[in-house]
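Have a look at the structure below before the remarks.
The values are calculated or read from the model by the stated rules, or taken from the named source; none is laboratory data. Treat the numbers as computed from the prediction; the structure is a model and nothing was measured. Here the Cβ positions follow ideal geometry from the backbone for every residue, glycine too, while neighbour counts run over all protein chains shown.
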């Protein structure tokens, strides 16, 4: 995105790519949080369906403690709530938490194979980014190939 902005004004520009292999573990953790499994979606939904009044009264931190008390930095709950909102399962405000359950948990969020496939696609995107960083050839050609576009040869 930033590369596209560079040089728009017609002046020379430079783009620097910063990469640290140690950041991959952090990105993998973020990816895990962004892709809750089916069991987690079911636990969140059950909690909302049966204890909604308490959830709305005490908030997201209270709910997080009940769902995964071991790691307060785990952000799967935020991802799950956002997906439930996107799928029309819940309505209302996520911040502050004041929601209502308006439909059933969709089959697609209970389908572990589908969720695993999405996680693998996300991991593949991260792997492609690492390949891009380590690529020693023409990076424009790499990008064209990634998106399946023809690359003009000189």
TODO: State whether the residues of the stretch 18-32 include one that is in contact with a helix residue (DSSP H, G or I) (Cβ under 7 Å, 6 or more places away or on another chain), assigned to a helix (DSSP H, G or I), over 29 Å from residue 127 (Cβ atoms) and modelled with pLDDT of 90 or more.
DONE: no
TODO: Please state which of the following conditions residue 140 fails to meet, knowing it meets all the rest: (1) surrounded by 13 or more Cβ atoms within 10 Å (Cβ to Cβ); (2) at pLDDT below 95; (3) part of a helix (DSSP H, G or I).
DONE: (1)
Task: For residue 104: the one exception among (1) outside any helix (DSSP H, G or I); (2) farther than 16 Å from residue 47 by Cα; (3) out of contact with any strand residue (DSSP E or B) (no Cβ under 9 Å at 6 or more places or on another chain) - done: (2)
Task: Count of the stretch 33-48 residues which are surrounded by 14 or more Cβ atoms within 10 Å (Cβ to Cβ) and assigned to a helix (DSSP H, G or I) - done: 11
